[in-house]
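As structure tokens, the structure follows; a few thoughts come after it.
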Amino acid sequence: MEPWQWPEDDWRARVAQVRAGRSLKPATWPGGKRCAVAFSFDSDHETNELRDGGRSIGRMAWGQYGSRVGVPRILDLLARESVPATFFVPGVSALLHPEEQVRVIAQGHEIGLHGWIHEVNSTLPEADERELHMRAADTLERLTGQRPVGMRTPSWDFSPATLAIQREMGLLYDSSLMADDDPYELLENGEPTGIVELPPEWIRDDAVYFNMNRFSALRPYTPPLAVLDIFRREFEGAAAEGGLFVLTMHPHVIGYRSRIFIVEELIAEMKARGDVWFATHAQVARHVGEGLR
């Protein structure tokens, strides 16, 4: 049947499968801070090309730049500023660059799940999606000594099976869905799950402004100063409301000499306020999710 022919029970069931539950925005953040900032870096690297079965040497070199130049540049900046972050890493990226994952953990940052090869979850059979998430978790734990407690699905593609798999894995949080600005609890078919959602948004993602593919119509269209202004205004809104600012970045996108200043200037302005709590995604989820489980 066409969607306009669906009975009410059908479209209601689709909508209700995964929904935003109660808000988990806290009255205060640790240390009496006004707002929380959670920086994240999706270390896709070569998997952007591999996922689609591609063999482009050029695009895989671009992915290698993310690990070879982008991540070290980002880690050096975070170390200078004493700011923690979360790196969401596909299992294949971790295996291609194991030393990178060791350094990320050694510097006090978090590594979260980001699929196996940056696959598109909604195209997979449930059994395959489950096996890939489990394989990725086992791989990251073996390489880093720490089992991930949170997930960002590749491309924020959340299948009908994803939440059930996350529950089976005992995850603390997800960061793939966009039903709010601030943290909330995920519901499955109307029932609370105990899983915290830390909402991302395409507005707060570097890739939508800077991505480039010469074989398609995808071209960068936004100058770095304009992107800084967008991110700054999103942060100022979060601070005014006492909420959470989640920023998604990619080492092969933000890590360039002409773009890394965006992160530097944001950190400087946030620190100048004196009322910002910088935290990993796991730290935010533990703070807002206290008592859920």
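The values are calculated or read from the model by the stated rules, or taken from the named source; none is laboratory data. Computed from a predicted structure; not experimentally measured. For neighbour counting, all protein chains shown are included, and Cβ atoms are generated from backbone atoms with ideal geometry for every residue, glycine included.
Assorted remarks:
- Test: residue in the range 48-59 that is assigned to a strand (DSSP E or B), closer than 30 Å to Gln283 by Cα and not small (Gly, Ala, Ser): no
- Selection within the range 187-209 - crowded, with 22+ Cβ neighbours inside 10 Å and in contact with a Pro (Cβ under 8 Å, 6 or more places away or on another chain): Val196, Glu197, Leu198
- Among the residues of the range 150-184, those that are out of contact with any helix residue (DSSP H, G or I) (no Cβ under 9 Å at 6 or more places or on another chain) and surrounded by fewer than 21 Cβ atoms within 10 Å (Cβ to Cβ) comprise Arg167, Gly170, Ala179, Asp180.
- Residue in the range 17-32 that is closer than 24 Å to Leu95 by Cβ, β-branched (Val, Ile, Thr) and not in a loop (DSSP other than H, G, I, E, B) present: no
- Residue check for Ala164: in a helix (DSSP H, G or I), in contact with a Phe, Trp or Tyr (Cβ under 8 Å, 6 or more places away or on another chain) and at pLDDT 95 or above: no
Let's see how each residue does on (1) within 19 Å of Val89 (Cα to Cα); (2) hydrophobic (A, V, I, L, M, F, W, C); (3) in a helix (DSSP H, G or I):
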position: Glu168; (1), (2), (3): no, no, yes
position: Ala179; (1), (2), (3): no, yes, no
position: Asp182; (1), (2), (3): no, no, no
position: Glu185; (1), (2), (3): no, no, no
position: Thr193; (1), (2), (3): no, no, no
position: Pro199; (1), (2), (3): yes, no, no
position: Tyr209; (1), (2), (3): no, no, yes
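- Residues located in the range 96-130, provided they are surrounded by 17 or more Cβ atoms within 10 Å (Cβ to Cβ) and of a type in the set (D, E, K, R): Glu100, Glu110, Glu119, Glu129, Arg130
- Within the range 205-221, the presence of at least one residue that is under 29 Å from Gln146 (Cβ atoms) and touching a helix residue (DSSP H, G or I) at 6+ places or on another chain (Cβ under 6 Å) is confirmed.
- Put simply, of Ala94, Ala79, Ala137 the only residue that is closer than 25 Å to Asn189 by Cβ and either modelled with pLDDT of 95 or more or assigned to a helix (DSSP H, G or I) (or both) is Ala137.
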